[in-house]
Amino acid sequence: MNEDRESVKVLRECIELQNKKSQDYQNPNSNVTQAMHYRRGVDTIHDTLQGKLYRAQSLLESGTYNQANFESLEDTYKDLINYASFAVAWLRGGVPGQDTTRDIFNRKVSE
């Protein structure tokens with residue numbers, strides 16, 4: 001029953017979007033890993049989340065949220081969901097290519 005909620009449908013769409021985008025960002029023919037996109041670890045992910053929030057705010061304040069040229073307000077919110085999942089994965093040490101000898105800010109951990 002809960003699986004029919006619109007919010008659950010949105011999460012499924014976000015999974016599909018994340019999987020499709022990862023084919024571009026981490027193509028099997030490339031040596032680029034997901035972790036390479038976050039040079040400062042969770043801080044880099046936060047920067048991306050903040051940028052997405054600013055985009056949403058700008059679209060809302062301009063009144064053009066339903067006529068964006070490229071990324072719609074809905075697309076922006078889906079990106080926020082996915083980047084939040086990347087932050088949680090980073091905290092868990094589960095981002096592909098993440099170096100477990102580094103802390104959440106991607107700094108070398110002193111022994």
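The values are calculated or read from the model by the stated rules, or taken from the named source; none is laboratory data. Note that the coordinates shown come from a computational prediction; the quantities given were computed from them, not determined experimentally. SASA here: full protein model, heavy atoms, side chains in, ligands and nucleic acids out. Shrake-Rupley method; radii C 1.70, N 1.55, O 1.52, S 1.80 Å.
Any idea what the alpha-carbon Rg over 2.2 N^0.38 Å comes to for region 1-43?
It is 1.58.
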- Per the helix-only model, the chain has a calculated mean residue ellipticity at 222 nm (DSSP H runs of ≥4, -39500 (n - 2.57) each, divided over all residues, rounded to the nearest 500) of -18500 deg cm²/dmol
- Dividing the alpha-carbon Rg of region 1-80 by 2.2 N^0.38 Å yields what? 1.30
- Query: Based only on the alpha carbon positions, what is the Kirkwood hydrodynamic radius of region 67-111, in angstrom?
  - Reply: 12.4 Å
- Message: Just to verify a number: what accessible area does residue 21 come out at with the full protein assembly present, 1.4 Å probe, Å² rounded to tens?
- Response: 80 Å²
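Roll a 1.4 Å probe over the protein chains and send me the accessible area per residue for the chain in Å².
Spelled out: the 1.4 Å probe surface of the chain, per residue, equals 73 Å².
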- Query: Per the 1.4 Å probe, what fraction of the accessible area of region 25-70, in percent, lies on carbon and sulfur atoms?
  - Reply: 48 percent
- Query: How large is ³J(HN,Hα), in whole Hz, for each residue of region 75-82 in order, when computed from phi with the Karplus curve 6.51 cos²θ - 1.76 cosθ + 1.60 and θ = phi - 60°, using x for Gly and Pro?
  - Reply: 4, 4, 5, 5, 4, 4, 4, 5
- Message: With a 1.4 Å probe and all protein chains kept in place, how do 104, 15 rank by accessible area, largest first?
- Response: 15, 104
- Query: In terms of modelled amide H atoms, which long-range or inter-chain residues lie less than 5 Å from the amide H of residue 104?
  - Reply: none
- Protein-only accessible surface order, largest first, of 13, 71 at 1.4 Å: 13, 71
